[in-house]
Amino acid sequence: MQALRQARGALGGEASAAELTVGADALERGAGTAALLEIRQRFPRARTMAGLLALAGLVTGGVPAPEAAKALVQGVDAGASDATLLSWRAGVL
């Protein structure tokens, strides 16, 4: 329950139930609220879910949360598709 509250704090009141659930999962895996906040602020709204899923996967695979969030933001800025971002998590699991 605490992770859901933290996810809501990081992702804001407009986050969907699915985004909050994935955000809470990422937090429980060690992502930290700063990484969630970075995804929310830097990803286009329609792509937040993909960013959160990729973040959770990268953190689970041992990538430190700040580095994972930074890489994902750089990927989005460079035009990487959601499928590409999600494939990165598969590469570390």
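The values are calculated or read from the model by the stated rules, or taken from the named source; none is laboratory data. Predicted model, so just to flag it, every value in this text is computed and none were measured. Here the Cβ positions follow ideal geometry from the backbone for every residue, glycine too, while neighbour counts run over all protein chains shown. Accessible surface areas use protein heavy atoms only, side chains included; no ligands, DNA or RNA. Shrake-Rupley method; radii C 1.70, N 1.55, O 1.52, S 1.80 Å.
In the set (1) assigned to a helix (DSSP H, G or I); (2) open to solvent by less than 60 Å² (accessible area, probe 1.4 Å), ALA31 fails one condition alone, (1).
When restricted to residues that are among the small types (Gly, Ala, Ser), part of a helix (DSSP H, G or I) and either touching a residue at least 24 places away in the same chain (Cβ under 8 Å) or open to solvent by 60 Å² or more (accessible area, probe 1.4 Å) (or both), segment 46-86 contains 10. Of note, GLY9 does not satisfy the criterion of being among the small types (Gly, Ala, Ser), open to solvent by less than 10 Å² (accessible area, probe 1.4 Å) and part of a helix (DSSP H, G or I). Considering segment 34-44, and only residues there that are touching a residue at least 24 places away in the same chain (Cβ under 8 Å) and part of a helix (DSSP H, G or I), the residue that is surrounded by the fewest Cβ atoms within 10 Å (Cβ to Cβ) turns out to be ALA34.
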